[in-house]
Amino acid sequence: YANSKNSPYVEVTCTAIPENLLESELFGYERGAFTDAKNQKPGLFELAENGTIFLDEIGDLSLGLQAKLLRVIERKVIRRLGGVKDIPVNTRIISATNRDLDKLVAEKRFRIDLYYRLKVVTIKLKPLRERGNDSVLLTEHFIKEFCSQYERPVKKISKELVEFIVHYRWTGNIRELKNAVETAVVLYEDEVLKPAHLENLIQGTVDDIVPTIGDSYSSKVINMNLNFETTSLGQLERIYAKEVLVKASGNKSKTAKILGISRPKLDKLLNGHK
């Protein structure tokens with residue numbers, strides 16, 4: 001592929017296109033391939049020639065399309081629907097999924113050969129709730145974006161809302177945050193966005209996240225979203241100690257005092273030792 005700022009970039013959300021249409025979208029079709037195919041149409045792989053095609057939610061791709069995608073990767077050719085000739089393609093593939101591909105492979109719902117063809121450079125992103133201040137930075141970005149788009153007056157977010165955003169679970173990740181901010185910007189005329197502005201826009205209310213709202217808003221609350229089937233008591237202790245350390249602004253002596261253990265014991269705990 002050509003690594004240039006002018007190279008084409010094509011994004012495909014695999015779940016946004018019905019399965020029976022996705023193949024023709026990816027690989028194109030020849031005239032007469034089906035009833036409504038009155039003209040020849042190039043596929044998205046062809047449109048991404050010398051550039052990049054991004055396959056989002058690839059974990060939901062059917063086994064049939066997985067086999068055809070594997071052929072594209074291995075032979076660097078595509079064949080249009082209804083066609084008889086292979087068309088060479090030179091395209092970089094980037095894929096993403098929120099599914100557990102290792103589990104899907106074990107369940108034979110995702111081809112192991114395709115899995116290892118795609119797994120060249122892997123980047124794992126933590127859910128938004130585990131990315132600290134990222135949620136605040138994204139909120140500020142979305143506020144600027146939507147204020148410009150809708151000509152709204154919001155200029156900043158309150159300290160209480162910062163705490164709320166950092167500690168809320170965001171089960172819908174960035175999409176949920178973006179939608180909540182957009183709705184708040186559209187509905188309210190205030191210059192400062194506060195927790196109450198998001199209260200009715202997300203799953204639950206402010207009181208579901210922390211017991212009170214005030215100057216010490218959630219300063220003494222730690223929310224941990226853990227998988228009880230995979231988290232042992234030892235892991236829980238370590239995770240909790242790290243969370244307390246964050247609350248104590250990195251002060252290990254204060255953290256050890258809160259936990260009721262010695263500094264050496266805390267160091268061992270943080271390093272995964274008993």
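The values are calculated or read from the model by the stated rules, or taken from the named source; none is laboratory data. Just so it is clear, the structure is predicted and the values come from calculations on it, not from any experiment. Cβ sites come from the backbone with ideal geometry, for glycine too, and all protein chains shown count toward neighbours. We work out accessible area using only protein heavy atoms, side chains counted, and drop any ligands, DNA or RNA first. Shrake-Rupley method; radii C 1.70, N 1.55, O 1.52, S 1.80 Å.
Observations
- On inspection, residue 65 qualifies as in contact (Cβ under 8 Å) with a residue 12 or more places away in the chain, under 20 Å from residue 19 (Cβ atoms) and part of a helix (DSSP H, G or I).
- Residue ID - farthest from residue 57 (Cα to Cα), chosen from residues in segment 93-117 that are hydroxyl-bearing (Ser, Thr, Tyr) and touching a Leu at 6+ places or on another chain (Cβ under 8 Å): 115
- Top-ranked residue of segment 87-121 - restricted to ones that are among the polar types (S, T, N, Q) and more than 18 Å from residue 15 (Cβ to Cβ), ranked as most open to solvent (accessible area, probe 1.4 Å): 90
- Count of segment 72-92 residues which are out of contact with any helix residue (DSSP H, G or I) (no Cβ under 6 Å at 6 or more places or on another chain), of a type in the set (Val, Ile, Thr) and over 19 Å from residue 58 (Cα atoms): 3
- Residue count for segment 104-138, restricted to those that are within 15 Å of the chain's Cα centre (by Cα) and of a type outside the set (Gly, Ala, Ser): 12.
- Picking from residues in segment 68-86 that are part of a helix (DSSP H, G or I) and not β-branched (Val, Ile, Thr), the one that is most open to solvent (accessible area, probe 1.4 Å) is 75.
- When residues of segment 128-172 are limited to those that are among the polar types (S, T, N, Q), in a loop (DSSP other than H, G, I, E, B) and modelled with pLDDT of 85 or more, the one farthest from residue 193 (Cα to Cα): 133
- The number of residues in segment 153-165 being crowded, with 18+ Cβ neighbours inside 10 Å and in contact (Cβ under 8 Å) with a residue 40 or more places away in the chain comes to 3.
- Residue match in segment 186-194 (condition: aliphatic (A, V, I, L, M), in a helix (DSSP H, G or I), more than 30 Å from residue 238 (Cβ to Cβ) and modelled with pLDDT of 65 or more): yes
- Qualifying residue in segment 51-61 (condition: in contact (Cβ under 8 Å) with a residue 40 or more places away in the chain, surrounded by 13 or more Cβ atoms within 10 Å (Cβ to Cβ) and in contact with a Pro (Cβ under 8 Å, 6 or more places away or on another chain)): yes
- Residue 99 of a type in the set (Lys, Arg) and assigned to a loop (DSSP other than H, G, I, E, B): yes
- A Cβ distance below 9 Å, combined with a sequence gap of six or more or placement on separate chains, defines the contacts here; from segment 69-92, residues that are at positive phi reach residues that are open to solvent by 50 Å² or more (accessible area, probe 1.4 Å) and not in a loop (DSSP other than H, G, I, E, B) in the pairs 76/88.
- First in segment 175-194 and touching a residue at least 40 places away in the same chain (Cβ under 8 Å), second anywhere and in a strand (DSSP E or B) and open to solvent by 40 Å² or more (accessible area, probe 1.4 Å), Cβ under 9 Å, 6 or more apart: 193/156
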